[in-house]
1. Restricting to DSSP H runs of at least four residues, report the calculated mean residue ellipticity at 222 nm for the chain, -39500 (n - 2.57) per run over all residues, nearest 500 deg cm²/dmol.
2. Compute the angle between helix 80-107 and the longest alpha-carbon principal axis of the chain, please, reported from 0 to 90 degrees and rounded to the nearest 10.
3. Based on the mean of other beta carbon atoms within 10 Å per residue, what is the order of 268-278, 251-261, most packed first?
4. Just report the Cα centroid separation between the stretch 111-151 and the stretch 79-97, whole Å.
5. Among GLU202, GLU194, GLU240, what is the fewest-to-most ranking by other Cβ atoms within 10 Å?
6. From the phi angles alone, apply the Karplus equation (6.51, -1.76, 1.60; θ = phi - 60°) to the stretch 308-325 and give each ³J(HN,Hα) in whole Hz, x where the residue is Gly or Pro.
7. Stick to Cα atoms and the Kirkwood definition of Rh, then tell me Rg/Rh for the stretch 136-193.
8. Given Cα positions, please report Rg to Rh for the chain, the hydrodynamic radius being the Kirkwood one.
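What follows is calculated from the coordinates using simple rules that are stated; it is not laboratory data. Keep in mind that what you see is a predicted model, and the values were worked out from it rather than measured. Here the Cβ is made from the backbone with ideal geometry for all residues, glycine too, and neighbour counts use every protein chain on show.
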Amino acid sequence: MDAVAARYPFLAVARTAVKEADVDLGAVVQAADSPILARAVERVEGAIRDGRVPDPVADHEVELLSYPMARVLVSLINESVLTDRYALAEARRAMDLLASDRETAGLRSTGTQSLDRENLLAELELTDQLVVEDDGYSMAVTAYLRLISALRDSSWRLVDRRLTTGWVRIDEDELDILLREAIRHRVRVDLPLEVPDEIANELTAQVDAIGNMLADVRLPTDIDIVSPAQFPPCIAALVEQARAGHSLGPVERFTLVAFLRAIGLATADLPSFLEVDSTSEERTLLYTASRVCGESSATAYPPPMCETLEMLGVCVDADDRCMDVGHPLLGYHRRITAAPDVTDWREEP
Ligand code: SF4
């Protein structure tokens, strides 16, 4: 079987290879020790745990067929947080493989074992949308706008770009990010799939296990550090508003209080942290904390998910680290884990 199809299973050649393999999906899901199913679970769990699909397995057929099977699992769970995360994980893995194929191709001829960027551009229907320049590339503005739709960093905004008669200038690294986005769209586009009941019924154990894993990573419950420098943009904006003396609306206040309580700030510390100097605002804040968050962690409500906050207009200034994060608590967890040095507000003099 073609290694390219196995390594890049979203390509047309891979779809053809899957059809030609003519594997009975029903038999795969019924086999308790199916390597295809095991690798499919690994793909999805890797996406949840690390945001990346683990390295390919050596057996090309298993690698190839595990991709449609992973899509079945993601479809059965059918939660946009997972679907988005999975699509991004597949795209990241493909870009990693592309980079390694590029290195290998620089050393020796790899024939049909590797994919080059020109072929990938053709597959993603981007060949005519990209022009090589002396110092980078130009991309057709329509393709550019389509590919940046999920990118949060303001540097992608068209107003900050060199734009010449419908072409946007990008550099090498940016092209890689846009290619990753094109792959992500390709992986995401048909999800969730319709899954026949007889297949779904055989996958209950795997779906439950993945669902539990998703629930575990969705909301970290052990954060106990209050580091404003690492707050996601939406929360940082709410803190700024509160500290500036602006009265927050109920949704904003709920989000802020629920977030601060979830990261370990005691209710009694809320007014001083938010520098509240109005008695009525302090009373409202404490009332919100006691009624909405509760004093026991078992009864505390988490802040809303990003999707909800976006709908409510509370998601502001989202940046690249917000991508695919799904929830401000996960965003905060990601930031404090990645930061080299984190200071807790409660320990400041
Ligand atoms: S994407 Fe989520 S974490 Fe980031 S600013 Fe928006 S709501 Fe906050």
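1. Per the formula, -16500 deg cm²/dmol.
2. 50
3. Put in order of decreasing packing, that is 251-261, 268-278.
4. Cα centroid of the stretch 111-151 versus Cα centroid of the stretch 79-97: 19 Å apart.
5. If I rank by nearby Cβ atoms, fewest first, I get GLU194, GLU240, GLU202.
6. 5, 5, 5, 5, 8, x, 8, 6, 10, 6, 4, 10, 4, 6, 7, 4, 6, 7
7. Answer for the stretch 136-193: 1.01.
8. 1.03
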